[in-house]
Amino acid sequence: MKLTSTAIENGYWADRFGKHGTQLSETGKNTRSVPFTIHDAPEGTKCFAAVLDDMDAIPVCGFCWIHWTLCGLTRTEVAENESQTAVDYIQGTTSFCSAASDETREQASCYGGMAPPDQDHCYDLTVYALDCVPDLKPGFYLNELKHAMRGHVLAHARISAMYRA
């Protein structure tokens, strides 16, 4: 399985998908989600799950910052800015609903743009091909997704790029 995204330019996520973009929520978070395409999914795939995270956030806030989680995706392409209008997959709670932010769980259950506070950070988008459709509710937590995926991952693919501070 392979993953591609037109949001990556010269090794960097384009500015419009993070703090240098202009599409902001009422809490100031960029909500313009990244597009991606899944290629060569394995036979038997029932749906896909995806996680966009920032491991470089650990020294800054003490944990890996989760920018987007989704599950139940049954197609191989997600369009730019689709997080705001998604109806055929569910989205989980991001780190914007944490001690380091002030959003409610509902506000944090969509794409939350990249915003490195100290230096350029590397952001990983990982997509999992699953042999089932997990029974998760909107606003699920990452650990709930991981438990639901256990024993059901047929393949996964990751793309990584930097976002400028």
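Points to keep in mind about this one:
- Filtering the stretch 76-101 to residues that are charged (D, E, K, R) and in contact (Cβ under 8 Å) with a residue 24 or more places away in the chain leaves Glu77, Glu80, Glu82.
- Pairing each residue of the stretch 1-27 that is closer than 30 Å to Ala129 by Cβ with any residue that is part of a helix (DSSP H, G or I), provided the two are 6+ apart or on different chains, yields C-beta distances under 7 Å for Ala7/Phe17; Gly21/Asp15.
- In the stretch 38-47, the residue that is surrounded by the fewest Cβ atoms within 10 Å (Cβ to Cβ) out of those that are more than 16 Å from the chain's Cα centre (by Cα) and not basic (Lys, Arg) is Glu43.
- When Gly139 is tested against (1) more than 30 Å from Asn10 (Cβ to Cβ); (2) open to solvent by 10 Å² or more (accessible area, probe 1.4 Å), only condition (2) is not met.
Residue-wise test of (1) touching a strand residue (DSSP E or B) at 6+ places or on another chain (Cβ under 6 Å); (2) buried (at least 21 other Cβ atoms within 10 Å of the Cβ); (3) of a type outside the set (Asp, Glu).
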| residue | (1), (2), (3) |
| --- | --- |
| Phe36 | yes, yes, yes |
| Gly62 | no, no, yes |
| Trp65 | yes, yes, yes |
| Gly72 | yes, no, yes |
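- Within the stretch 49-63, the set of residues being outside any helix (DSSP H, G or I) and at pLDDT below 95 comprises Gly62, Phe63.
- Residues of the stretch 1-30 that are among the hydroxyl-bearing types (Ser, Thr, Tyr) and closer than 18 Å to His121 by Cα: Ser5, Tyr12.
Residue-wise test of (1) in contact with a Phe, Trp or Tyr (Cβ under 8 Å, 6 or more places away or on another chain); (2) among the hydrophobic types (A, V, I, L, M, F, W, C).
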site	(1), (2)
Ala79	no, yes
Val87	no, yes
Gln91	yes, no
Phe96	no, yes
Asp102	no, no
Gln119	no, no
Pro138	no, no
Asn143	no, no
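- Residue match in the stretch 136-158 (condition: under 17 Å from Asn30 (Cβ atoms) and either touching a residue at least 24 places away in the same chain (Cβ under 8 Å) or in a loop (DSSP other than H, G, I, E, B) (or both)): no
- Filter result (open to solvent by 30 Å² or more (accessible area, probe 1.4 Å), of a type outside the set (A, V, I, L, M) and assigned to a strand (DSSP E or B)) within the stretch 74-100: Glu77
- Considered as a group, the residues in the stretch 1-34 that are assigned to a strand (DSSP E or B) and at pLDDT 95 or above include one that is surrounded by the most Cβ atoms within 10 Å (Cβ to Cβ), and that residue is Trp13.
The values are calculated or read from the model by the stated rules, or taken from the named source; none is laboratory data. None of the values given here were measured: they were computed from a predicted structure. Positions of Cβ are backbone-derived with ideal geometry, glycine not excepted, and every protein chain shown enters the neighbour counts. Only protein heavy atoms, including side chains, enter the accessible area calculation; ligands, DNA and RNA are left aside. Shrake-Rupley method; radii C 1.70, N 1.55, O 1.52, S 1.80 Å.
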